[in-house]
1. Can you give the calculated 222 nm mean residue ellipticity of the chain, where each DSSP H run of n ≥ 4 adds -39,500 (n - 2.57) and the sum is split over every residue, rounded to the nearest 500 deg cm²/dmol?
2. Send over a whole-number figure in Å² for the accessible area per residue of the stretch 145-236, probe 1.4 Å.
3. Using the C-alpha gyration tensor of the stretch 6-246, what are the square roots of 5 times its eigenvalues, in whole angstrom, with the largest one first?
4. For the chain, modelled as a GNM with alpha-carbon contacts under 10 angstrom, which of 246, 144, 121 fluctuates the most?
5. Roughly how many percent of the accessible protein surface of the stretch 6-246 is carbon and sulfur, given a 1.4 Å probe and a whole-percent answer?
6. Output the 0 to 90 degree angle, nearest 10, between the alpha-carbon long axis of helix 112-127 and the longest principal axis computed from the alpha carbons of the chain.
7. Using only the heavy atoms of the protein chains and a 1.4 Å probe, how would 5, 154 rank by accessible area, largest first?
8. Once phi is turned into ³J(HN,Hα) by the Karplus curve 6.51 cos²θ - 1.76 cosθ + 1.60 with θ = phi - 60°, what whole-Hz value does each residue of the stretch 69-78 show in order, with x for glycine and proline?
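The values are calculated or read from the model by the stated rules, or taken from the named source; none is laboratory data. Remember, it's a predicted structure, so these values are computed and weren't measured experimentally. Positions of Cβ are generated from backbone atoms using ideal geometry, with glycine treated the same way; all protein chains shown enter the neighbour counts. Side chains included, ligands, DNA and RNA excluded: accessible areas come from the protein's heavy atoms. Shrake-Rupley method; radii C 1.70, N 1.55, O 1.52, S 1.80 Å.
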Amino acid sequence: MSNPKTILITGVSSGFGRALAQVALARHYRVVGTVRNTPAKIAFEALHANNAFAYELDVTHFADIDAVISDAEARIGPIDVLVNNAGYGHEGVMEESSLEDMRRQFDVNVFGAVAMIKALLPLMRQRRRGHIINITSMGGFITLPGISYYCGSKFALEGISETLSKELAPFNIHVTAVAPGSFRTDWAGRSMVRSARSIPDYDALFDPIRQAREEKSGKQSGDPIKAAHAMLALIENQSPPTHLLLGSDALNLVRQKLAALSQEIDQWENVTRSTDSGSLSDL
Ligand code: NAP
């Protein structure tokens, strides 16, 4: 028995990608997953005899993406849902983190996701159907010292997703940015890239944040399998939202951020309005 839908998920070796693949396979979806080495490819395809298909792809190897999409479509059939999940967190105070660190963070989290979308979009547009899910983060709404590159990349992906949802609505292609809170994956463990400390001025601010993240890794409140069920509900919904938060921490922190932002906007409203033409007399 096969579910009629095929889902392509980037980064299925662990975490959200792996959990979503497992839950989708259990519900008879065909799942195309990308991994970055042969043992991971073999392990992924072993998850299901007929419905698990793996490709080796680093999402920053942009020139390889078209071949993966066309081979998958020829072999397996039309890809109905693209889940841009591959990503990692760079941790480091901005002054201590190189531009190269930033470039790599944006290459994977932003350019990689956009390159995947651009490869698949002509096919989805031709079919007048599809769903693109970009895994962003609560860090695409809220910020914390020490993860400026990560938050910047996730804010970027939130903005791109929301814009794209407006461009693709006429073609019956949905775009959802899924923003999880803290989940028990490899994100803060083996996957995190940490800049070395070099400026003692930041010790008091940043050392406790780095230490707390290291201590919390593996004990986060979010359950990736529950996130996978939520994402499948999203995939099965006829009118999916443009933004979806996952986890109570994301809910509380994003609500606090929006309330604080709204309050600050109100506080400075007069200055904001003062720049309209003809408003000099109001100053
Ligand atoms: P994870 O367990 O570390 O999984 C990350 C996946 O992305 C792995 O499969 C990894 O492959 C893959 N990947 C990383 N760089 C890649 C690249 N250049 N090309 C292709 N694949 C690449 O962490 P996760 O939490 O599930 O992360 C998935 C997504 O959720 C990320 O976008 C992350 O930013 C986001 N997120 C996570 C949390 C959280 O608390 N866990 C919260 C908000 C958002 P390898 O095994 O080869 O490294």
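1. -14500 deg cm²/dmol
2. Averaged over the residues of the stretch 145-236, the accessible area is 48 Å².
3. Details: eigenvalues 183, 73, 59 Å².
With the √(5λ) rule applied to the stretch 6-246, the semi-axes are 30, 19, 17 Å.
4. With Cα springs under 10 Å in the chain, the top fluctuation among 246, 144, 121 is at 144.
5. The computed percentage sits at 55.
6. With rounding to tens, the tilt is 60 degrees.
7. Details: 5 70, 154 10 Å².
Of 5, 154, the descending order of accessible area is 5, 154.
8. 5, 5, 5, 5, 5, 5, 7, 10, x, x
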